[in-house]
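Only one structure is covered here, and it is reproduced in the block below.
The values are calculated or read from the model by the stated rules, or taken from the named source; none is laboratory data. All figures in this text were calculated on a predicted structure; none of them were measured in a lab. We place every Cβ from the backbone using ideal geometry, glycine too, and count neighbours over all the protein chains shown. Remember, those area values only see protein heavy atoms, side chains included, never the ligands or the DNA or RNA. Shrake-Rupley method; radii C 1.70, N 1.55, O 1.52, S 1.80 Å.
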Number of protein chains: 2
Amino acid sequence: MTQIEEAKKGNITEEAKIVAKDENIDVNKLIKLIAKGEVVIPKNKISKNKNSYTKACGIGKGLKTKINANIGSSSKMEEIDIEIKKAKIAIEYGADAVMDLSTGSKLKEFRKKIIKAIDVPIGTVPIYEAGVEAQKRKKVNSKDISKNSSKNDSKKDSKDNSKDNSSETNENPIIDMNEDDIFKAIENQAKEGVDFMTLHCGITKDLVENIHQNNRVMGIVSRGGTFLSSWIHHNQLENPLYENYEYLLEIAYEYDITLSLGDGLRPGCLEDATDIAQIQELVTLGRLVKQAKEANVQVMVEGPGHVPLDQIAANMKIQKTICDGAPFYVLGPIVTDLAPGYDHITSAIGGAIAAYSGADFLCYVTPAEHLAIPNIDDVKEGVIASKIAAQAADVALGLDSAWDDERAMAQARKNFDWEKQFQLAFNPEKAKSYRESCPVDDDKMCSMCGEYCAIRIAEKDLE
Amino acid sequence: MTQIEEAKKGNITEEAKIVAKDENIDVNKLIKLIAKGEVVIPKNKISKNKNSYTKACGIGKGLKTKINANIGSSSKMEEIDIEIKKAKIAIEYGADAVMDLSTGSKLKEFRKKIIKAIDVPIGTVPIYEAGVEAQKRKKVNSKDISKNSSKNDSKKDSKDNSKDNSSETNENPIIDMNEDDIFKAIENQAKEGVDFMTLHCGITKDLVENIHQNNRVMGIVSRGGTFLSSWIHHNQLENPLYENYEYLLEIAYEYDITLSLGDGLRPGCLEDATDIAQIQELVTLGRLVKQAKEANVQVMVEGPGHVPLDQIAANMKIQKTICDGAPFYVLGPIVTDLAPGYDHITSAIGGAIAAYSGADFLCYVTPAEHLAIPNIDDVKEGVIASKIAAQAADVALGLDSAWDDERAMAQARKNFDWEKQFQLAFNPEKAKSYRESCPVDDDKMCSMCGEYCAIRIAEKDLE
């Protein structure tokens, strides 16, 4: 049985016990939330049996805001060991889950390694594997591909990309993917122990064909969303994940995969936010959420993206009403596009407001976003920025554990207890290195104010 | 006449013209806002006469959110050239104003240099000079100082601080400061061309004597606030800035100094936020705002500090109502204390929400906050984080210029126009260096997705 099925029957699973303890909430209250689909515990039955991880991570209403870190290779950056290191450093700095978004040719090899290497829930986007596999089979019809591609472009590609002998077929590799590729990828990954999967079930043919009516500046920017959209558009067929949703639910039920219904039409810039296409897809996702819950499949919903600050709360609220309280998993959102190199900050702002307004699960954004695949340091900075957003929200929502840490830090500052401050800090080494750079006379000052430290003066003269 | 006096008479000053043009608003609308005290243009008459800067910076309702960068030496870090460099880099990355918060012994020398070196409004906290001067005169009564200081502390100080022969008198140097010291500092700085001054006029004797009733974790954390509070407490006298507020207004009027009424009792941790002491001081400041406006003195109000995310909007709203729409100048606010080393991010979150909710002027916070005096790189990162917060708010508030930049960036991304993206970025070099680190085949990809770039696929296959 799946977590939701057990909860509906009033059964307390081992995972529910772990989550209730971690979150310091009553386990009976927790299983009611799981039964209602307001909390999910992404944990594949396979990985449970294999004991590949002992922790359990609850995501949803009343629980601490959780953080996901994306890792994974691309065809332009394909060193498996580095990606494993990224995942480990992400977890070290507080990531609650990791998604493997690999699209490189070694994607399967990497997934097996990452599943073994880490002990937090692992998510994937199976459509990537389907696309990459289709390409590998060299079934891509190059005549179709070059249809819309100018000769200049092709020439440039072959000139610059001489080492990559598949450059011709690299263009739009997913057009000739078939339904079997998609479902085979899903099933393979389920068998390997993936805990949650992003599946863009809400991009219907109707939505794709009418996307131009929305006059978007950026069009579609979700990678999986674009894969499916161009497949749908090219083949003039309905989205297989939508059309065969019941079959998808059967697979998900069998392994207790938590579906993460992807927002393929999320906005790619502030101007495109909260438009008809985005909300129409959300409406479809709302219906699919209900179906999943009825089929005893755990489900969460993914959300934007690039959203002006004033629209974030509305986005969170509407997701919660339309999707019947299903946990909301947001990417960012980014509140300005003017800071490439700093999108961990733009998304920390959006993420904090989102989590305070109802989002349950924040996908980190690194400083490299929009520019390059993140390096190890970018991953670390991205996780820390997300931790800040999550903590800001949890404090504002009144979570006891969040407040306990805040009070402990304030007391440590008051007492000039630097070791305790480092211990409580999201990045102890960084805090310590600033402190160590200070020329100071004693513990009761730093180089900012020297002997004119307010706390020092107050301690001497006001108490 | 001061800017507010001219505006009340319906006169359009040169500064009002510059601001109206920069902000793309009607100058008659602007001077109405200045007349009502909802917009200030900090510009000392002296500096105007001296033509020491040609720009004018408007702060307040309907205008772009402005950013201040604090620089200045402490006794532990006193290299004037470095501080000048910090100011220049802050302005290069978008700071609209600079405050010199020096407390080192070369404080006067530094101020003269910084006023000459930069062309944006410059602010100070004159009480620092008063304190440092009082100490220099060696009038500090060491018997009083050691009253509350244990022998162990003194011993430790003299042991660790052997190079600093004023270590004995360094303790609580402001106790023996007299009223003349304070007003002399204010007048000297006004004559030198300082444009706005933080003055903690609202810390009354009554507030100081009753601060313990608030059971604060952190007590008083404003440096100027602690100077005055310990002076008041020690001498059992009323705050000279409160008692002689009319005299202060006369000086401010003479030079058209914009008063920045300091929040000496701002909270130093989330737990202390929005308490009775903070709001009681704000109530006093509200009365002082009215008095200033009647005396034709430009005035703004300073605000917290450390505030849980859910309390920020309320803090902004209450300031606007109590202080009669006076521009609100906030430090941060920081939304969690768990991220020392990352307080540029914690305050970007708070600053964005604050500016969206009514704050007009954001004081940057650097990554070094709570740990050390910032270095040049910290200053840069602090300014960029504040720019992000300001832009996020300005977009959410619907400012045309903010939206124009967002649209241009989205278009540049859509077009793979990297040069344009760098040009629009808050830190072009950083964005460029990420881009340059990418192994790519052509302009239409980055190392994140390689050939699976969503925009690339959509361009080929969906348009």
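Can you return the aspartates and glutamates within cross-link range of A:LYS55? Criterion is Cα-Cα under 12 Å, with same-chain partners fewer than 8 residues away left out. Partners within reach: A:GLU14, A:GLU15, A:ASP22, A:ASP96, A:ASP119. Measuring against 32 Å, Cα to Cα, the residue pairs B:LYS43/B:LYS414; A:LYS21/A:LYS420; A:LYS108/B:LYS380 contain B:LYS43/B:LYS414; A:LYS108/B:LYS380 as the ones spanning a longer distance. Taking all protein chains together, B:GLU179, A:GLU250, A:GLU109 sort by accessible area into A:GLU250, A:GLU109, B:GLU179, largest first [probe 1.4 Å]. Between copies, the label points of A:ASP26, set 7 Å from Cα on the Cα→Cβ line, lie 6.0 nm apart, reported in increasing order to one decimal in nanometres.
Pairs from the list B:LYS9/B:LYS191; A:LYS290/B:LYS460; A:LYS9/A:LYS290; B:LYS76/B:LYS293 with a Cα-Cα gap above 28 Å: A:LYS290/B:LYS460; B:LYS76/B:LYS293.
Counting DSSP beta bridges with both partners in chain B, what percentage is antiparallel, nearest 5?
Numbers: 3 of 29 bridges.
If we restrict to bridges inside chain B, about 10 percent are antiparallel.
Just check the stretch A:401-462 against the gyration tensor rule for me: Cα atoms, a ≥ b ≥ c as the square roots of the eigenvalues, rounded for a/c under 1.5, and otherwise prolate or oblate depending on whether a/b exceeds b/c. Cα axes put the stretch A:401-462 in the oblate bin. Each part gets one Cα centre, and for the stretch A:426-463 versus the stretch A:23-37 those centres are 44 Å apart.
For the stretch B:394-458, what is the accessible area per residue in Å² when the probe is 1.4 Å? Before the final figure, lay out each step's value.
Values: 2510 Å² over 65 residues.
I get 39 Å² per residue for the stretch B:394-458.
Dipole of the protein assembly as shown computed with +1 at Lys/Arg Cβ and -1 at Asp/Glu Cβ about the Cα centre; of A:ASN210, B:ALA277, A:ILE115, farthest Cα towards the positive end is A:ILE115.
Label-point spacing for A:MET1 across the identical copies (point 7 Å from Cα in the Cβ direction), in nm and ascending order: 8.2. Coupling constants for the stretch B:347-356 follow from the phi torsions by the Karplus curve (6.51 cos²θ - 1.76 cosθ + 1.60, θ = phi - 60°), and in residue order they are 8, 5, 4, x, x, 5, 5, 4, 5, 5 Hz; glycine and proline get x.
Place a +1 charge on the Cβ of each Lys and Arg in chain B and a -1 charge on the Cβ of each Asp and Glu, then give the dipole magnitude about the Cα centre in debye, rounded to the nearest 20. The partial results should precede the final answer.
Values: 59 positive and 73 negative charges, 155 e Å.
Charge dipole, chain B, about its Cα centre: 740 debye, nearest 20.
Listed by chain and number, the aspartates and glutamates placed with their C-alpha closer than 17 angstrom to that of A:LYS205 are A:ASP176, A:GLU179, A:GLU238, A:GLU243, A:ASP263, A:GLU281, B:ASP461, B:GLU463; residues fewer than eight positions away on the same chain are left out.
Looking at the square roots a ≥ b ≥ c of the eigenvalues of the Cα gyration tensor of the stretch A:333-442, which shape do they give, rounded for a/c under 1.5, prolate if a/b is larger than b/c, or oblate?
Since a/c reaches 1.5 but b/c is at least a/b, the shape of the stretch A:333-442 is classed as oblate.
Name the shape class, rounded, prolate or oblate, that the alpha-carbon gyration tensor gives for chain A, where a ≥ b ≥ c are the square roots of its eigenvalues, rounded holds for a/c under 1.5, and otherwise prolate holds if a/b is larger than b/c and oblate otherwise. It would help to have the intermediate numbers written out before the result.
Numbers: a/c = 1.85, a/b = 1.44, b/c = 1.29.
Prolate is the answer for chain A, as a/c is 1.5 or above and a/b outweighs b/c.
Taking the radius of gyration and the Kirkwood hydrodynamic radius from Cα positions alone, what is the Rg/Rh ratio for the protein assembly as shown, to two decimal places?
Values: Rg = 29.3 Å, Rh = 29.0 Å.
With Rg and the Kirkwood Rh in hand, the quotient comes to 1.01.
Here's the list of aspartates and glutamates a cross-link from A:LYS112 could span, going by alpha-carbon distance under 18 Å and ignoring same-chain residues fewer than 8 apart: A:GLU78, A:GLU79, A:ASP81, A:GLU83, A:ASP100, A:GLU129, A:GLU133, A:GLU187, A:GLU192, A:ASP195.
Label-point spacing for A:LEU237 across the identical copies (point 7 Å from Cα in the Cβ direction), in nm and ascending order: 8.8. The stretch B:214-272 and the stretch A:338-417 have their alpha-carbon centroids 33 Å apart.
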